[in-house]
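The values are calculated or read from the model by the stated rules, or taken from the named source; none is laboratory data. Small disclaimer: the values here were computed from a predicted structure and weren't measured. Neighbour counts run over all protein chains shown; Cβ positions are idealised from the backbone, glycine included. The protein model used for the area step is the full one, side chains on, heavy atoms only, and it has no ligands, DNA or RNA in it. Shrake-Rupley method; radii C 1.70, N 1.55, O 1.52, S 1.80 Å.
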Amino acid sequence: MGRKRILVITSSVDETVSYIISRYSNIVDFFRVNVDDFGKYSFCINNDGWSISNGCSIIDSRDVHSIYYRKPMLPNLSSYDSQYHLMIQRDIISVINGIVDAFSRKVLTKPSILRKTENKVYQLIYAGKNGWDIPLSYIGNDNGDCSKYEEEKSIIKPLTTGKTYGRNGWELYQTNLFRGIDEDISLTPIYLQNYIAKQFEVRLTIVGRQAYPVRIDTQNPVDWRVDYHNHRYTLITCPKDVLMRCYQMMDDFSLVFGAFDFIITPEGQWIFLEVNPNGQWLWLEQNLGLDISKRIVEYLIC
């Protein structure tokens, strides 16, 4: 029996996929589609299924064992009139996501599931209903409702990706202390939370029922993502009740993979912040010698 074929949907700058292919290509036949290079592939969808060719090889819906949907990025459309950019982008996403969502075998993770579960409104409502320990939070577009978060130490965080592109290139908006807002936010809803003093933070990566709880000690008291160079990482034990809650959330969200973020208070309480259903994990594997990639590949080929 030959190696199982895995279709990987991602982008040309995805180092995680490059790492996986380099490490496991001896046991898996990977077919990589970089969506930002969409024009370099030939897509064919018809009554019998679909196929994708890159000029050297071809893959079709009949011989794919599983799909790994990672981090697709849209291509540069500067050669087209700007009035058509949005339409072209939607059409490309329609092709890619349609192929993945319609696939009847194993997918990690379908874009239709990602769209729902990475939504922070959806997560906040779920956590509130299910008794999770979470900061007092507000998502909305009413300036008056924000005033009480000015009275206490609070943070403002991106509601979606926090990434924009303009004249100066890409700009990234990250979690910051909230110092009030003077602008009209009726068309720009914001996400506020009471500030929680922390002893340290935890990134809990889960693949199936394999958990990797990593303690993150950082100098930044607000957002550990700001300064990776000064972090210290330690593999720790996750309390059983927290782990069971995470497993239940993954089941309720139809997730096999999840990257959970927690604040651990000076009293040792685990405060849930969010789960990223398609989060990054490679830097933790490389820092601590973890086997997250092995677990992902095992899931995709079993």
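Taking a straight Cα-Cα cut-off under 19 Å and skipping sequence neighbours fewer than 8 places away in the same chain, the lysines within cross-link reach of residue 148 are 157. The listed residues 195, 247, once ranked by accessible area (1.4 Å probe) with the largest placed first, stand as 195, 247. Relative to the dominant Cα principal axis of the chain, helix 240-253 is inclined by about 50°. Calculate, in whole percent, how much of the Cα-Cα pair population of the stretch 68-171 lies beyond 23 Å. Roughly 52 percent, rounded to a whole number.
Helix 120-129 axis versus longest C-alpha principal axis of the chain: approximately 60°, rounded to the nearest ten. Note on the chain: with charges restricted to the Cβ of Lys and Arg (+1) and Asp and Glu (-1), its dipole about the Cα centre is near 1080 debye.
When you restrict to C-alpha pairs under 8 Å that are six or more residues apart and normalise by the size of the stretch 28-116, the relative contact order lands at 26 percent.
Just the Cα atoms of the stretch 10-79, one point each, no solvent: what log10 I(q)/I(0) does Debye give at q = 0.18 Å⁻¹? Summing over Cα pairs of the stretch 10-79 leads to -0.79.
For the chain, with all protein chains in place and a probe radius of 1.4 Å, 49% of the accessible heavy-atom surface sits on carbon or sulfur. Size descriptor for the stretch 253-302, Kirkwood hydrodynamic radius: 12.8 Å (Cα pairs only, one decimal).
Heavy-atom accessible area per residue, the chain, 1.4 Å probe: how many Å²? Averaged over the residues of the chain, the accessible area is 54 Å². Three semi-axes describe the equivalent ellipsoid of the chain; taken as square roots of 5 times the Cα gyration tensor eigenvalues and ordered largest first, they are 35, 25, 17 Å.
Direction-averaged projected area, Cα convex hull, the stretch 47-106: 5.5 nm², rounded to one decimal.
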